[in-house]
1. Quick check on my filter: what residues within the stretch A:19-61 are hydroxyl-bearing (S, T, Y), open to solvent by 10 Å² or more (accessible area, probe 1.4 Å) and in contact (Cβ under 8 Å) with a residue 60 or more places away in the chain?
2. Hey, does the stretch B:28-43 have a residue that's within 14 Å of chain A (Cβ to nearest Cβ) and part of a helix (DSSP H, G or I)?
3. Restrict the check to the stretch B:2-22 and report whether at least one residue is assigned to a loop (DSSP other than H, G, I, E, B) and more than 14 Å from every other protein chain (Cβ to nearest Cβ).
4. Would a scan of the stretch B:71-80 turn up a residue that is open to solvent by less than 40 Å² (accessible area, probe 1.4 Å), farther than 24 Å from B:E263 by Cβ, within 14 Å of chain A (Cβ to nearest Cβ) and touching a residue at least 24 places away in the same chain (Cβ under 8 Å)?
5. For the list (1) loosely packed, with under 13 Cβ neighbours inside 10 Å; (2) in contact with a Lys or Arg (Cβ under 8 Å, 6 or more places away or on another chain); (3) not assigned by TED's automatic domain parsing to the domain that holds B:I72, I need the number of the one condition that B:D215 fails.
6. Going by the conditions given, is B:R138 basic (K, R) and free of Cβ contacts under 8 Å to residues at least 24 places away in the same chain?
7. Being at pLDDT below 95 and within 14 Å of chain B (Cβ to nearest Cβ) narrows it down to one residue among A:S218, A:S226; which is it?
8. Could you tell me whether the stretch A:87-96 includes any residue that is outside any strand (DSSP E or B), among the polar types (S, T, N, Q) and either closer than 24 Å to A:A134 by Cα or open to solvent by 10 Å² or more (accessible area, probe 1.4 Å) (or both)?
Protein chains: 2
Amino acid sequence: MRRPRLGHIQFLNCLPLYYGLVKNDVLLDVDLVQAAPRDLATMLLSGELDIAPIPSIEYARHAEEFVLLPDIAISSNGEVQSILLLSKEPVEGLDSKTVALTDTSRTSQVLARILLARHWGVSPSYAEMPPDLASMMRDADAALLIGDDALRAYWQQSDLLKYDLGAEWTTWTGLPMVYAVWAVRREFAEQQPEAVANVSDALTASLAYCRTNLDAISEYAARWESFPVAYFRSYFDALQFRFEPQYREGLTRYLTEASAIGELDVVPDISIFGA
Amino acid sequence: MRRPRLGHIQFLNCLPLYYGLVKNDVLLDVDLVQAAPRDLATMLLSGELDIAPIPSIEYARHAEEFVLLPDIAISSNGEVQSILLLSKEPVEGLDSKTVALTDTSRTSQVLARILLARHWGVSPSYAEMPPDLASMMRDADAALLIGDDALRAYWQQSDLLKYDLGAEWTTWTGLPMVYAVWAVRREFAEQQPEAVANVSDALTASLAYCRTNLDAISEYAARWESFPVAYFRSYFDALQFRFEPQYREGLTRYLTEASAIGELDVVPDISIFGA
């Protein structure tokens, strides 16, 4: 028997979890492989990984191959800070204007398209491009940014209007938003259910640890990353790692809306490990 | 400032160190990249890593690019167990016979060639091949194995004669043998000496931890790897991670002998970080 191969997202949003994994010695019992979310999905599909956090939209496209861990996701219930639409004018006026979409996240692109089409009722044209705000705003009237770029914009003074897409989603639907889920290869879950349960427990314990140590984690993050402690504290407060039933409902709603605007063929049934 | 990128050897020999790194929370302050030793050398040369354990012979070929951490190496002073020459007859009779060399380790290949030529005074022909003992012994009269394959052979009953190349080296030279060194890109050491000192201290602390916890580490290893606890205990006792002056002398002697048999162009001066 070998150690389960667990993927880890190498972005700021998973830094609190990483801190919990290290402090709880989880890395002795899993092989941790760090990569970008889309690459993790590819590695999970090819069998290079057993369990990994993958973008909600990637999960939906291959749902029959996976079961999901029950107690963890990357989610928000209101503000998320790291997924922003920046606009030269109120979004309701973007009809037939151009919106630049960062080419770094499919799940966020689809979220922006959903909100613009269904919540705000406008039909802009879209242009996918690298996440450089200056050049995005030269070519377009609004721009979707995520991650570090979004956090920077969130805290910066600007003439642009800022829409936090986590907050907008929850205002519109009354539901949380789920950006990524921890997927297990169905075959691995069937063959080694005990190993999956162990990893699930270890992740849950690490999350509990990180929830009670957000100050220390924010200071740690500020030591190695380019934002002050207070920004991290605020961001890590906004980020939820929850996946209880209301969050699963939020995921299904997101996938249903994605399907309604033609960004997803089929809304899958969600299989939860152990359920 | 970003976290130093530290390479880690993904083999059994570095498992005790990994245990120490996890238990000491070192993985919060470095980006650990696990790979095979030769790949680590390539990544260090290309600037993808800042500090990494690399094979002694790879170090010697690019010594001007590196400084070495002062207090850590993979070394033995006597038996090593994981580098074995298995032979159908006493090695002194291998003249003009064929010796199969595993294609997985240059440093061990050179060590075998040195001992055969200079210690035992024989001139066999050599054939590099994958580490499969049965097919090696079909095509050759002796075979060099390393790592798991060697450890398995070390403990197995066999009609073959077994030569532990760590023990043979020390019997012959009176010196320790150094298989791998922790190399720092010279440029990184000059630009961020404090970061290098921190990593060096963290590794030293992790080694101290692992020396006092060899029983727990052996039990941990046996949980995930294919050998019983007692084998690991014996192996981790044989393995030294030392690099004090007598070990550096052993390294220089090894490189001098490698040069004498034509396996190395120049014996480099060894630059130690902070010296």
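The values are calculated or read from the model by the stated rules, or taken from the named source; none is laboratory data. Here the structure is a predicted model, which is why all the values come from computation and not from measurement. All Cβ positions, glycine included, derive from the backbone under ideal geometry; neighbour counts span all protein chains shown. For the accessible areas, the whole protein counts, side chains as well, though only heavy atoms, and no ligand, DNA or RNA atoms are used. Shrake-Rupley method; radii C 1.70, N 1.55, O 1.52, S 1.80 Å.
1. Of everything in the stretch A:19-61, just one residue is hydroxyl-bearing (S, T, Y), open to solvent by 10 Å² or more (accessible area, probe 1.4 Å) and in contact (Cβ under 8 Å) with a residue 60 or more places away in the chain, namely A:Y19.
2. Residues of the stretch B:28-43 within 14 Å of chain A (Cβ to nearest Cβ): B:28-35.
Subset that is part of a helix (DSSP H, G or I): B:28.
So far as the stretch B:28-43 goes, yes, one or more of its residues are within 14 Å of chain A (Cβ to nearest Cβ) and part of a helix (DSSP H, G or I).
3. Within the stretch B:2-22, the subset assigned to a loop (DSSP other than H, G, I, E, B) is B:2-4, B:10-11.
So of that shortlist, the ones also more than 14 Å from every other protein chain (Cβ to nearest Cβ) come out as none.
For the stretch B:2-22, residues assigned to a loop (DSSP other than H, G, I, E, B) and more than 14 Å from every other protein chain (Cβ to nearest Cβ): absent.
4. If we filter the stretch B:71-80 for residues that are open to solvent by less than 40 Å² (accessible area, probe 1.4 Å), which is where we start, we get B:72-76, B:78, B:80.
With the extra rule that they be farther than 24 Å from B:E263 by Cβ, the set shrinks to B:72.
Keeping just the survivors that are within 14 Å of chain A (Cβ to nearest Cβ) gives none.
There is no residue in the stretch B:71-80 that is open to solvent by less than 40 Å² (accessible area, probe 1.4 Å), farther than 24 Å from B:E263 by Cβ, within 14 Å of chain A (Cβ to nearest Cβ) and touching a residue at least 24 places away in the same chain (Cβ under 8 Å).
5. (3)
6. On the way: basic (K, R): yes; free of Cβ contacts under 8 Å to residues at least 24 places away in the same chain: yes.
For B:R138, the condition - basic (K, R) and free of Cβ contacts under 8 Å to residues at least 24 places away in the same chain - is met.
7. Working: A:S218 fails: at pLDDT below 95.
Only one candidate passes the filter, namely A:S226.
8. Filtering the stretch A:87-96 down to residues outside any strand (DSSP E or B) leaves A:88-96.
Keeping just the survivors that are among the polar types (S, T, N, Q) gives A:96.
Now drop any that are not either closer than 24 Å to A:A134 by Cα or open to solvent by 10 Å² or more (accessible area, probe 1.4 Å) (or both), which leaves A:96.
Within the stretch A:87-96, one or more residues are outside any strand (DSSP E or B), among the polar types (S, T, N, Q) and either closer than 24 Å to A:A134 by Cα or open to solvent by 10 Å² or more (accessible area, probe 1.4 Å) (or both).
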